[in-house]
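The values are calculated or read from the model by the stated rules, or taken from the named source; none is laboratory data. In this text, all values refer to a predicted model and were calculated from it rather than measured experimentally. Ideal geometry is used to build each Cβ from the backbone, glycine not excepted, and the neighbour counts take in all protein chains shown. To get the accessible areas, we keep the full protein, side chains included, count just its heavy atoms, and leave off ligands, DNA and RNA. Shrake-Rupley method; radii C 1.70, N 1.55, O 1.52, S 1.80 Å.
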Amino acid sequence: MTAPTAPRPRLLHSDEGEALWFLGNLVTVKATGADTGGRVTVVEFLNPPGFAPPVHRHAVEDEMFLVLGGRATFLCDGQRLAAGPGDFVLLPAGLGHSFLVGPDEPLRTLQITTPSGFETFAATAGRPAGARRLPEPGPVDPAALAHTARLHGVEILGPPPGTTD
């Protein structure tokens, strides 16, 4: 049995990292659990205007966002957290949450989850990006998403904010 490889320093340029289309968003993976000894996942998200994920909670992962561009209102534990460029948002494990991207421009964030694992969920629920841009809008199968989420320690609690489903 070989010992796991120790994390190593590296540089990824702005146009580097595995690109995924996940729930109508572009996700660029910057650091995985393999890169960090399982401690953290770092991805860059590009969300279209008006996007909102289903209300959900992570069993073990804290989720953090550094807003790089655009605006969103994060909803967590009964709080509404309006965030813009330069703002940092912490969504602790176990609390139901979502966010709603503002209507005027895409939201660009650096998402950090600890411990790692989000990258596996995004790869399983998404697909390799055909280009480093937002995908064409398309339907999401809620039952398939809920099943995949459950396998990765994420519980879907309800529809995205602003919907009536």
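Brief remarks on what is shown
- Hey, residue 93 modelled with pLDDT of 95 or more, among the hydrophobic types (A, V, I, L, M, F, W, C), assigned to a loop (DSSP other than H, G, I, E, B) and open to solvent by less than 40 Å² (accessible area, probe 1.4 Å) or not: yes
- Scanning segment 144-151 for residues that are farther than 22 Å from residue 66 by Cα and in contact with a His (Cβ under 7 Å, 6 or more places away or on another chain) turns up at least one hit.
- Residues located in segment 96-119, provided they are touching a residue at least 60 places away in the same chain (Cβ under 8 Å) and either open to solvent by 40 Å² or more (accessible area, probe 1.4 Å) or part of a loop (DSSP other than H, G, I, E, B) (or both): 96, 100, 106, 108, 110, 112, 114, 115, 116, 117
- Exactly one residue out of 11, 23 is loosely packed, with under 13 Cβ neighbours inside 10 Å, over 17 Å from residue 64 (Cβ atoms) and of a type in the set (A, V, I, L, M): that is 11.
- Selection status of residue 80, loosely packed, with under 12 Cβ neighbours inside 10 Å, in contact with a strand residue (DSSP E or B) (Cβ under 7 Å, 6 or more places away or on another chain) and within 30 Å of residue 162 (Cβ to Cβ): yes
- Of the residues making up segment 135-152, those that are in a loop (DSSP other than H, G, I, E, B) and more than 14 Å from the chain's Cα centre (by Cα) are 135, 136, 137, 138, 139, 140, 141.
- For segment 37-63, a residue qualifies if it is β-branched (Val, Ile, Thr) and open to solvent by 20 Å² or more (accessible area, probe 1.4 Å), and the qualifying residues are 40, 42, 55, 60.
- Listing of strands (runs of 3 or more DSSP E) fully contained in segment 37-84 that carry 1 or more residues being closer than 21 Å to residue 131 by Cα and modelled with pLDDT of 95 or more: 41-47, 62-69
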